[in-house]
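Working notes, beginning with the structure itself.
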Amino acid sequence: MPLPRFLTAIAGIPLVILLIHAGGLPYACLMFTIILLSLYEYYSLMKLGGKPIQGGTLFTMGLLLPAALYFDHSYTAQAGGDNFAGFFISLTVIFTMLYELFSAKKYLERIGLTLLGIFMVSWCLFHLIALRDLRPDGEWLTFMLIVTVWVMDTAAYYVGKRFGRRQLSTISPKKTWEGAVAGFIFAIGTVFALRLLSKEIVSPAFAVAAGVLIGIFGQISDIAESMLKRAVGVKDSSNLLPGHGGVLDRFDSYIFLAPIIYYLAVFTR
């Protein structure tokens, strides 16, 4: 592992684990920071690629939406509740359309790219907060997801680099089927190992489902973010994290996985 990548991991991993354990407002602040930085990187990618985007709407609604979800305790709507989330989801669509309606030059593409950024980054990544807030085992579920993705990515990287022969996708030329299969196997194995270490806090069926979903959708989510970078002709979303690229690069696997694992836990409990 290159030194900058190693040093970034050594500094970042303990902090993330500590804040997952703390939960509550400290962990939420971490995730809101990640969402903000990811929104900025998404905006920068679009500008670098010459893509039209509503910067003001992206940042304003991209932060108000997860804030509304947080204060609604992760519910999109509830009888007798505040319903901030449903309100701001509606406002996000309305404001994006109004902006374009009153712009001198009107682009349907700008509407789509703005909404994509808000829902891909803010909506999806917010589920990392929602997952941590699940009772009684949200801490374990969040820790399981974060650690499993780390292990999966590491396994896919090293096996792919050493044994990879068949290209997985033209979007990410360095990713191979051999690396993807290794990542898939390690994802399932990691979930089961964590289950045993935690005195079987979840059922074997849940562990299998979680491992399979992480092994598949974590890697697809990674490629999906790479598709955005390829479309605008850049390698990394930024150089904020030495050896790792940008924040969006480090959390790209969670774009799909945060809501998938959250709803898996909700639907199976």
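The values are calculated or read from the model by the stated rules, or taken from the named source; none is laboratory data. These numbers were taken from a predicted model, which means no experiment stands behind them. Reconstructed Cβ throughout: ideal geometry from the backbone, glycine too, with neighbour counts over all protein chains shown.
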Subject >> Residues within the range 189-204 that are farther than 21 Å from Val266 by Cβ and surrounded by 13 or more Cβ atoms within 10 Å (Cβ to Cβ), tallied >> reply: 4
Subject >> Qualifying helices (runs of 4 or more DSSP H) (wholly inside the range 173-269; at least 2 residues being within 14 Å of Met152 (Cβ to Cβ)) >> reply: 177-197, 204-232, 253-267
**OP:** Report whether or not Ser226 is surrounded by fewer than 21 Cβ atoms within 10 Å (Cβ to Cβ), touching a residue at least 12 places away in the same chain (Cβ under 8 Å) and of a type in the set (Gly, Ala, Ser).
**Re:** yes
**OP:** Among the candidates Leu36, Leu48, Leu3, Leu25, single out the residue that is surrounded by fewer than 19 Cβ atoms within 10 Å (Cβ to Cβ), at pLDDT 95 or above and not β-branched (Val, Ile, Thr).
**Re:** Leu36
Original post:
(1) buried (at least 16 other Cβ atoms within 10 Å of the Cβ); (2) in contact (Cβ under 8 Å) with a residue 60 or more places away in the chain: which one isn't true of Val266, the others all being true?
Top reply: (1)
**OP:** Take the range 125-143 and flag every residue that is part of a helix (DSSP H, G or I), out of contact with any Phe, Trp or Tyr (no Cβ under 7 Å at 6 or more places or on another chain) and of a type outside the set (Phe, Trp, Tyr).
**Re:** Gly138, Glu139, Leu141, Thr142
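Each row is one residue, and each column tells you yes or no for (1) surrounded by fewer than 23 Cβ atoms within 10 Å (Cβ to Cβ); (2) touching a Gly at 6+ places or on another chain (Cβ under 7 Å).
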| site | (1), (2) |
| --- | --- |
| Glu109 | yes, no |
| Thr114 | no, no |
| Arg135 | yes, no |
| Thr142 | no, no |
| Val149 | no, yes |
| Ala156 | no, yes |
| Gln167 | yes, no |
| Gly179 | no, yes |
Original post:
Does Leu98 satisfy the criteria of being modelled with pLDDT of 90 or more, assigned to a helix (DSSP H, G or I) and exposed (fewer than 14 other Cβ atoms within 10 Å of the Cβ)?
Top reply: yes
